[in-house]
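Quick one: the structure is below, questions incoming.
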Amino acid sequence: MAIQPTPTMGSTMNTFAEQFPELALPCTGEAFPDPQILVLNEPLAAELGLDPQWLRSPEGIAFLTGQHGGHALGYAGHQFGQFNPRMGDGRALLLSEHTDPQGEVWDIHAKGTGRTPFSRGGDGHYPLDAALKEYAFAESLHALGVPTSRSLAVLSTGRTVQRHRLHPGAVGVRVASSHIRIGTFQYAALMGPQVTERLVDYTLARHFPDASSPLDLFDATVSRQAQLVASWMRFGFIHGVMNTDNIAISGETIDFGPCAFMDYFATDTVYSSIDTRGRYAYAQQPAVMMWNLARLAEALVPLVDEGVKKFTERLQRFQLQYAAAWDEQMAAALGAPNCAEQLLDLLQVAAPDYCALLANLTPGEIPQGLEHTPGAAEWTERWTAQHPQPRNPIYLPRNHGMQAALEQAEAGDLSRYTLALEALRSPFEWDDKYEKLGLHAAVPREEAEFTTYCGT
């Protein structure tokens, strides 16, 4: 199946919607009183071959807010382990599929465009702080080399949004290689094997053109998710809401909500206000991803003879692939192989500032925060003997520092947020002008408690 969508700028061409009308409902965005671009990712626009001047024009703003129309995507999902058979984009639209100058196809997708048939009583709106947070976190992960959707723009709408308090309303526009999720396959499976089979063919053509079967699709997805979670774990990233509808088949990080980077190391770290039982805690992420992949396997089983047996065998490969990916990620972080397990033992005892420890690793010096931890000196000696060359970020969207920038931005001053974006796009390079942003070190331990919200 050849997929070559070539929309003109601002069109709503969508091969997915054309081929799967049962999975994509046509919708038009809400008309907002005063939509304005607050942040535009001009480097990303250039990569995509989009004209920033046009995007800033009234016609471009109309496109970005869904006034030209789009499609609300349908999907099911396990939310904190409980299956919801009909979810879908309740406040978002797939605006277009866009082909960049290299011939790659990208979804342009807007969140906060208003109610859709999937809204389930929601208002269809998006708080400004959540939109700005997704933009910053996506830029950070991209700069770190973690597979992720990207943010193209954040627009204010002129409306207010009621969540746990009143917020300015926003539309966040993101770019991803597709929005096909595990939950998309769960939704298709409820409609019968014919729909699932068509979805397999489409997904293979779009993401895995060298593959040819449901088993191939599953193998490729397992591999990408193992790599993705390992990269999250290396940098201390906690997704926060790994429901099956929030896991993209492409292996990109998607649906940023109550996400955070870990401050003081603890395997049970949770920042999300809604994860009261720790289902999506830091150390649970590999196991949860494997659980989610099992749900994908269930959707694909009817397409394969002896499907339960064959998918079960392939699912078990996740653990080995994740372990290998984690070893590779941590070897890069530490600049030497075979040192991570012992360091992990020390981290669990001392609970230091994880990101600051990695950023300040220096051969011959006991890592920051482990100075008084039994065994740390011996680990440092073994590690130093390998002549390591560690590479870790100095700047991350640390919780309190990022929150201060978001609060200032919501109040109408984007200067701190804009400076933070600069730092996050060059995370490995120290610059004195970022010193006061609070992005390179956690707050004191006694002040480190933090809660994140999903922004729905």
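The values are calculated or read from the model by the stated rules, or taken from the named source; none is laboratory data. Note that the coordinates shown come from a computational prediction; the quantities given were computed from them, not determined experimentally. Heads up, the Cβs are rebuilt from the backbone with ideal geometry, glycines too, and the neighbour counts pull from every protein chain shown. What goes into the accessible areas is simple: the full protein's heavy atoms, side chains included, and nothing from ligands, DNA or RNA. Shrake-Rupley method; radii C 1.70, N 1.55, O 1.52, S 1.80 Å.
Which of the residues spanning region 325-336 are touching a residue at least 24 places away in the same chain (Cβ under 8 Å) and either under 23 Å from the mean Cα position of the chain (by Cα) or loosely packed, with under 15 Cβ neighbours inside 10 Å (or both)? Steps first, answer last, please.
Applying the first criterion (touching a residue at least 24 places away in the same chain (Cβ under 8 Å)) to region 325-336 yields 325-326, 328-330, 332-336.
Across region 325-336, the qualifying residues are Ala325, Trp326, Glu328, Gln329, Met330, Ala332, Ala333.
OK, next. I'm checking my understanding of the structure. Among residues of region 338-381 that are out of contact with any Gly (no Cβ under 9 Å at 6 or more places or on another chain) and under 20 Å from Val146 (Cα atoms), which one is surrounded by the most Cβ atoms within 10 Å (Cβ to Cβ)?
This residue is Ala359.
When you go through Asp432, Asp345 one by one, which is the residue that is over 25 Å from the mean Cα position of the chain (by Cα) and either modelled with pLDDT under 95 or within 27 Å of Ser272 (Cα to Cα) (or both)? Break it down into steps so the answer makes sense when it comes.
Numbers: Asp432 fails: either modelled with pLDDT under 95 or within 27 Å of Ser272 (Cα to Cα) (or both).
Residue meeting the stated conditions: Asp345.
Can you tell me which residues in region 223-244 are outside any helix (DSSP H, G or I) and within 13 Å of the chain's Cα centre (by Cα)?
Step one: filter region 223-244 for residues outside any helix (DSSP H, G or I), giving 236-243.
Scanning region 223-244 gives Phe237, Ile238, His239, Gly240, Val241, Met242, Asn243.
I've got another one for you. Read through the list (1) in contact (Cβ under 8 Å) with a residue 40 or more places away in the chain; (2) open to solvent by 30 Å² or more (accessible area, probe 1.4 Å), then give the number of the only condition that Asp210 fails.
(1)
In region 60-112, which residues are farther than 23 Å from Asn292 by Cβ and acidic (Asp, Glu)?
Result: Glu97, Asp100, Glu104.
Scan region 292-316 for residues that are without any contact (Cβ under 8 Å) to a residue 60 or more places away in the chain, open to solvent by 30 Å² or more (accessible area, probe 1.4 Å), assigned to a helix (DSSP H, G or I) and not acidic (Asp, Glu) and jot them down.
Val301, Val308, Lys309, Thr312
Failed condition for Leu406, given (1) under 13 Å from Leu343 (Cβ atoms); (2) surrounded by 14 or more Cβ atoms within 10 Å (Cβ to Cβ), with all others met?
(1)
Let me ask something else. Quick one: in region 268-305, of everything that is of a type in the set (S, T, N, Q) and over 16 Å from Ala76 (Cβ atoms), which residue is farthest from the chain's Cα centre (by Cα)? Before the answer, list the steps.
We begin by selecting, within region 268-305, every residue of a type in the set (S, T, N, Q); these are 269, 272-273, 276, 284-285, 292.
Then keep just the ones that are over 16 Å from Ala76 (Cβ atoms); that gives 269, 272-273, 276, 284-285.
Values: Thr269: 18, Ser272: 15, Ser273: 18, Thr276: 21, Gln284: 17, Gln285: 13 Å.
Step by step, filter region 268-305, then rank; the result is Thr276.
Answer with yes or no whether Ala287 is open to solvent by 20 Å² or more (accessible area, probe 1.4 Å) and without any contact (Cβ under 8 Å) to a residue 24 or more places away in the chain.
Details: open to solvent by 20 Å² or more (accessible area, probe 1.4 Å): yes; without any contact (Cβ under 8 Å) to a residue 24 or more places away in the chain: yes.
The answer is yes for Ala287.
Among the residues that make up region 245-268, is at least one of them in a loop (DSSP other than H, G, I, E, B), among the β-branched types (Val, Ile, Thr), under 30 Å from Val175 (Cβ atoms) and open to solvent by 20 Å² or more (accessible area, probe 1.4 Å)? Even if it seems obvious, please write down each step before you answer.
Start the filter on region 245-268 by keeping residues that are in a loop (DSSP other than H, G, I, E, B), which leaves 247, 249-252, 254-259, 262-263, 265-268.
Cutting the leftovers down to among the β-branched types (Val, Ile, Thr) gives us 247, 249, 254, 267.
Among the residues that remain, those that are also under 30 Å from Val175 (Cβ atoms) are: 247, 249, 254.
Those left that are additionally open to solvent by 20 Å² or more (accessible area, probe 1.4 Å): none.
Looking for residues that are in a loop (DSSP other than H, G, I, E, B), among the β-branched types (Val, Ile, Thr), under 30 Å from Val175 (Cβ atoms) and open to solvent by 20 Å² or more (accessible area, probe 1.4 Å), one finds none in region 245-268, hence no.
Related question: Which one of the conditions (1) free of Cβ contacts under 8 Å to residues at least 40 places away in the same chain; (2) buried (at least 20 other Cβ atoms within 10 Å of the Cβ); (3) not basic (Lys, Arg) does His179 fail to meet, given that it meets all the rest?
Just one mismatch for His179, condition (1).
Within region 16-42, how many residues are free of Cβ contacts under 8 Å to residues at least 40 places away in the same chain and under 11 Å from Gln67 (Cβ atoms)?
Kept after step one, since they are free of Cβ contacts under 8 Å to residues at least 40 places away in the same chain, are these residues of region 16-42: 18, 21, 31, 42.
Next cut, under 11 Å from Gln67 (Cβ atoms) only: 31.
Going through region 16-42 one residue at a time, the tally reaches 1.
Could I ask something else about it? Say whether the condition of being loosely packed, with under 14 Cβ neighbours inside 10 Å, basic (Lys, Arg) and not assigned by the TED database to the domain that holds Leu141 is met by at least one residue in region 410-422.
No, the conditions are met nowhere in region 410-422.
Matching residues to (1) under 23 Å from Arg150 (Cα atoms); (2) crowded, with 16+ Cβ neighbours inside 10 Å:
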{"residue": "Pro52", "(1), (2)": "yes, yes"}
{"residue": "Ala62", "(1), (2)": "yes, no"}
{"residue": "Gln67", "(1), (2)": "yes, yes"}
{"residue": "His71", "(1), (2)": "yes, yes"}
{"residue": "Phe83", "(1), (2)": "no, no"}
{"residue": "Arg86", "(1), (2)": "no, no"}
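Conditions tested, residue by residue: (1) under 17 Å from Gly257 (Cα atoms); (2) touching a residue at least 40 places away in the same chain (Cβ under 8 Å); (3) assigned to a helix (DSSP H, G or I); (4) β-branched (Val, Ile, Thr).
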position: Glu97; (1), (2), (3), (4): no, yes, no, no
position: Trp106; (1), (2), (3), (4): no, yes, no, no
position: His109; (1), (2), (3), (4): yes, yes, no, no
position: Gly121; (1), (2), (3), (4): no, no, no, no
position: Phe137; (1), (2), (3), (4): yes, yes, yes, no
position: Val154; (1), (2), (3), (4): yes, yes, no, yes
position: Val171; (1), (2), (3), (4): yes, yes, no, yes
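Another one. With respect to Gly172, is the statement that it is surrounded by 23 or more Cβ atoms within 10 Å (Cβ to Cβ) and closer than 18 Å to Leu228 by Cβ true? Show your work before the answer.
Values: surrounded by 23 or more Cβ atoms within 10 Å (Cβ to Cβ): yes; closer than 18 Å to Leu228 by Cβ: no.
Here the answer is no, as Gly172 does not meet what is asked.
Could I ask something else about it? Picking from Thr456, Thr451, which residue would you name as being within 25 Å of Ile37 (Cα to Cα) and either at pLDDT below 95 or assigned by the TED database to the domain that holds Leu128 (or both)?
Thr456
Does Tyr187 satisfy being open to solvent by less than 30 Å² (accessible area, probe 1.4 Å), in contact with a Ser or Thr (Cβ under 8 Å, 6 or more places away or on another chain), assigned to a helix (DSSP H, G or I) and of a type outside the set (Val, Ile, Thr)? Please lay out each step first, then the result.
Numbers: open to solvent by less than 30 Å² (accessible area, probe 1.4 Å): yes; in contact with a Ser or Thr (Cβ under 8 Å, 6 or more places away or on another chain): no; assigned to a helix (DSSP H, G or I): yes; of a type outside the set (Val, Ile, Thr): yes.
No, not satisfied.
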